[in-house]
Amino acid sequence: MRRFLDSLPWSLTLLVAVTWGLAPFFPEPHVWEKLKMLASGTLTRPVDILDLVLHAAPWLLVLAKGAAALGARGQP
């Protein structure tokens, strides 16, 4: 997994997170709408859950790549 994360360029990872992770942008980012639904307890339909997973995946990839990069700094 570490090798896969290292092979992804930061520019591509961030571009995918900003575009796919936030699309559609108006009236509000989709991932934000789904997170609000999750917090309020209205995220119950399978299509909404899948939508949250698909829009959150790029952000989770950015977090994983960041964590791997920080972990690599502590190794010789």
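The values are calculated or read from the model by the stated rules, or taken from the named source; none is laboratory data. Small disclaimer: the values here were computed from a predicted structure and weren't measured. Note: ideal-geometry Cβ built from the backbone for every residue, glycine included; neighbour counts use all protein chains shown.
So, PRO58, is that one at pLDDT 90 or above and in contact with a Phe, Trp or Tyr (Cβ under 6 Å, 6 or more places away or on another chain) or not?
Details: at pLDDT 90 or above: yes; in contact with a Phe, Trp or Tyr (Cβ under 6 Å, 6 or more places away or on another chain): yes.
Yes, satisfied.
Out of all the residues in the range 37-45, is one or more among the basic types (Lys, Arg), modelled with pLDDT of 90 or more, more than 20 Å from ALA72 (Cβ to Cβ) and in contact with a His (Cβ under 9 Å, 6 or more places away or on another chain)?
Within the range 37-45, none of the residues are among the basic types (Lys, Arg), modelled with pLDDT of 90 or more, more than 20 Å from ALA72 (Cβ to Cβ) and in contact with a His (Cβ under 9 Å, 6 or more places away or on another chain).
Looking at (1) free of Cβ contacts under 8 Å to residues at least 12 places away in the same chain; (2) farther than 30 Å from ALA72 by Cβ; (3) not hydrophobic (A, V, I, L, M, F, W, C), can you tell me which one SER11 breaks?
Just one mismatch for SER11, condition (2).
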